[in-house]
Amino acid sequence: MCTRVIWTPEGFPALCGRNMDWKFDLHTDLWVTPRGVARDGAPGDPEPLTWTSRYGSVVATAYDRAVCDGMNEAGLAAHLLWLVESDYGERDTSKAGLEQSQWGQFVLDQFSTVAQLVDFLAAHPVQILAQAMQNTKGATTHLAVEDATGDSAVVEFLDGVAHVHHGPEHTVLTNSPSYEEQLANLKKYTGFGGDAPLPGTTVAADRFVRARYYRDHLPPPQSDTQAYAALLSVLRNTAEPFGLPEGDEPNISQTIWSTLSDLTNRVYAFASSYRTDIFWTDLSRLDFTRTQRLDLSDTTLAGDVTQRYAEAEPFSYAEA
């Protein structure tokens, strides 16, 4: 469930698009999270990760309890996508604990580049603490990050071990199987070394191949607006329509919203699948000294909504 695609056409902004696929309404809102906030990454844990936010950000939440997508004022974006194979391991207190609900927030708070995050993870092992869900394993996600230079990383925890794939070549991410297996599968298809035709099903492995293929074949844009539209066309090709052709398949769900991050110009766009309008936030014009919220139940939202955020009390992150 979910697709993320980076595109950095020469002479134009570095862009990233993301589809959120989920079986239920996540009651998502957009929040401005400020600089200078002291955070406890795992309240009640004996060895929590703690930090004070260096950068302000705009984040998309799930139930106003967890950050699942967003971009910070330095032009770094983070996205959590489902990966059923994720395994964060039994609690090891030699590693700092970080609740899954704050994973994306931590990244956006602390880093301006992907390389900084990768260096931090190498020097300071962190253990993700999963949120409880309707299965015994809890929520299982992997993380994608990218920055204004076009650099990228995919972070997965498999059998309790962090696997970090770092470099601008990591342009696409979907869901199962693991990222290394996705890359191996890609080689079977035309254009990537194999002779199998482009796949068309809704499963994550097929969406991965299509997203990579269409992303790699986008024509050079003539304007920033055309670049935005081109990347959105790839997202739409990998989106899931309303209703489920495979209703008993838990890892396939309809696309409920999409985001487009202009990492160069610090513009964060949002498109709900339940309305026809796209709206965007210009981070260069936001006040990152206070918490603000944009209520996405407002059906009049369209175009530039930078000045429509309202001051609000900070939300509470869901505990592991």
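The values are calculated or read from the model by the stated rules, or taken from the named source; none is laboratory data. Being a predicted model, the structure only gives us computed values, none of them experimental. All Cβ positions, glycine included, derive from the backbone under ideal geometry; neighbour counts span all protein chains shown.
Annotations for the structure displayed:
- Selected residue (criterion: surrounded by the fewest Cβ atoms within 10 Å (Cβ to Cβ)) from residues of the range 150-168 that are on the phi > 0 side of the Ramachandran plot and more than 16 Å from the chain's Cα centre (by Cα): D159
- Filtered residues of the range 205-225 (kept if in a helix (DSSP H, G or I) and within 28 Å of F279 (Cβ to Cβ)): R207, R210, A211, Y214, R215, D224, T225
- Long-range neighbours under 9 Å by Cβ, at least six apart or interchain, first residue in contact (Cβ under 8 Å) with a residue 40 or more places away in the chain and farther than 16 Å from V267 by Cα within the range 212-230, second hydroxyl-bearing (S, T, Y) and assigned to a helix (DSSP H, G or I): L218/S233; P221/Y228
- Among the residues here, T171 qualifies as among the polar types (S, T, N, Q), buried (at least 16 other Cβ atoms within 10 Å of the Cβ) and either out of contact with any strand residue (DSSP E or B) (no Cβ under 6 Å at 6 or more places or on another chain) or closer than 25 Å to L15 by Cα (or both).
- Per the conditions (1) within 19 Å of L283 (Cβ to Cβ); (2) touching a helix residue (DSSP H, G or I) at 6+ places or on another chain (Cβ under 9 Å); (3) surrounded by 24 or more Cβ atoms within 10 Å (Cβ to Cβ), the sole criterion not satisfied by E73 is (3).
- Which listed residue is farther than 23 Å from V172 by Cα and either among the aromatic types (F, W, Y) or at pLDDT 95 or above (or both), from S272, S233, S284: S284
- Residues in the range 108-136 that are out of contact with any helix residue (DSSP H, G or I) (no Cβ under 7 Å at 6 or more places or on another chain) and either within 17 Å of A66 (Cβ to Cβ) or in a strand (DSSP E or B) (or both): L108, D109, V126, Q127, A132, M133, Q134, N135.
- Index of the failed condition, G303 passing every other in (1) of a type outside the set (D, E); (2) without any contact (Cβ under 8 Å) to a residue 40 or more places away in the chain; (3) closer than 27 Å to W82 by Cβ: (3)
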